[in-house]
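Take a look at the structure below.
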Amino acid sequence: MAQHEFVIRTRGPGLYEFTDELRSWLRTTGMESGLLTLFVRHTSCSLLVQENADPDVQTDLQAFFSRLVPPSDHPSMAYLRHTYEGPDDMPAHIKAAMMPVSLSIPVSAGDLLLGTWQGVYLFEHRSAAHHRRVAAHLA
């Protein structure tokens, strides 16, 4: 068993890949196989396994979720009550409720069993920069 906490610095909304950091840490564990569980310790961002070859995928995902859940000062969101932390806060919580906050990824031969074009991302939903913490557990 091995545990680690990754700190991902964000600069606002978007997808932040940290696949390489995961692979680097896996090499230090000495474990050849197991199941890697990731859990983001925040309520306004998510974790995703997503395509990492074409950056338009990340741009389109960000645009889709921004359109699906606009800021709380948008007329369509007038029903929201939790607005005192800014117009991006409650929509960020909604997006995090719609997407995974934990992932399970098999590990074999000391590497993540991801597909050819897959990467692991933190999906930041807030406008301000943050230091996001992701707990990793390999067993």
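Kindly identify the chain as rounded, prolate or oblate by the Cα gyration tensor criterion: order the square roots of the eigenvalues as a ≥ b ≥ c, call it rounded if a/c is under 1.5, otherwise compare a/b with b/c, prolate if a/b is larger, else oblate. Present the calculation step by step, with values, prior to reporting the outcome.
Working: a/c = 2.71, a/b = 1.99, b/c = 1.36.
It is prolate, given that a/c is not under 1.5 and a/b is the larger ratio.
Of 6, 65, 123, how do they rank once you tally other Cβ atoms within 10 Å and put the fewest first? Could you put the intermediate results ahead of the total?
Details: 6 17, 65 20, 123 25.
With the fewest neighbours first, 6, 65, 123 line up as 6, 65, 123.
To the nearest 0.05, what FRET efficiency results for residue 3 and residue 67 with a Förster distance of 25 Å applied to their C-beta separation?
Numbers: r = 38 Å, r/R0 = 1.50.
Taking R0 as 25 Å, the efficiency between residue 3 and residue 67 is 0.10.
Treat the count of other C-beta atoms within 10 Å as a stand-in for reagent exposure and order 35, 47 from fewest to most.
On the way: 35 12, 47 21.
So the residues, fewest neighbours to most, are 35, 47.
Where a number appears in this text, it was derived from the coordinates with a stated rule and is not lab data. Quick caveat: nothing in here was measured; it's all calculated off a predicted structure. Positions of Cβ are generated from backbone atoms using ideal geometry, with glycine treated the same way; all protein chains shown enter the neighbour counts.
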